[in-house]
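The values are calculated or read from the model by the stated rules, or taken from the named source; none is laboratory data. No experiment lies behind these values; they were computed from the predicted model shown. When the accessible area is computed, the model is the full protein with side chains, heavy atoms only, and any ligands, DNA or RNA have been set aside. Shrake-Rupley method; radii C 1.70, N 1.55, O 1.52, S 1.80 Å.
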Amino acid sequence: RVGLVCISGEPGVGKTSILLSNALKLGGLFWSAEMSPDGLKTRLDTISPVDLFFCFGQSLGMLVKVVEKRKPDIVWVDYLQLLWNDTPDPFGKIEHSINALKGIAYDRLVVFVSQVSRSGEGMRSLRGSGSIEYHSDCIYHIEKVEERPVKVRIKTLKSKWGNYFSGFYELDVPH
């Protein structure tokens, strides 16, 4: 499949762990705007590493250039709201970033993590949700249901592909 997939959830729920574990299984390009190389290495010590190209930084323009040069089948972005661009308006930044991700998703799968605000439920909780909801082909929301072992529920909020699912998953998340 090609398209744009959003993974949302509150801080500390395991969004990055889910993104990284899938990236390690499926390959591609993992772009981290949040973690440093050392921070990522700490997580890789707890998850079996495989061959995957890692990039670090908050420049949206650099992300697009690296994708154009390397041409990965899958791009993993951690996370949307930290990508930097020249748009001064906070919601304009999200719109600009999501448009750029949609642009590189025309011939590949792009999976990105998005923050949620604590003021809403479901789709309303996504920060910049109008743009995210409009441009994303699928939106999955993660909720923590147990602390130890970490157990989360992943719910489909939107799917243009028609394959809705909801399920519980145990994560090996470093504490």
Asp89 - accessible surface, heavy atoms, 1.4 Å probe, Å² rounded to 10: 80 Å²
Sequence-distant residues sharing a close amide H with Gly9 (under 5 Å, placed H): Ser114, Val116, Ile142
Sequence-distant residues sharing a close amide H with Gly28 (under 5 Å, placed H): Phe53
Cross-link reach list, lysines versus Lys65, counting only Cα pairs under 27 Å and skipping chain neighbours closer than eight places: Lys15, Lys25, Lys41, Lys93, Lys102
Nearest-10 value in Å² for the accessible area of Val145, using the 1.4 Å probe: 60 Å²
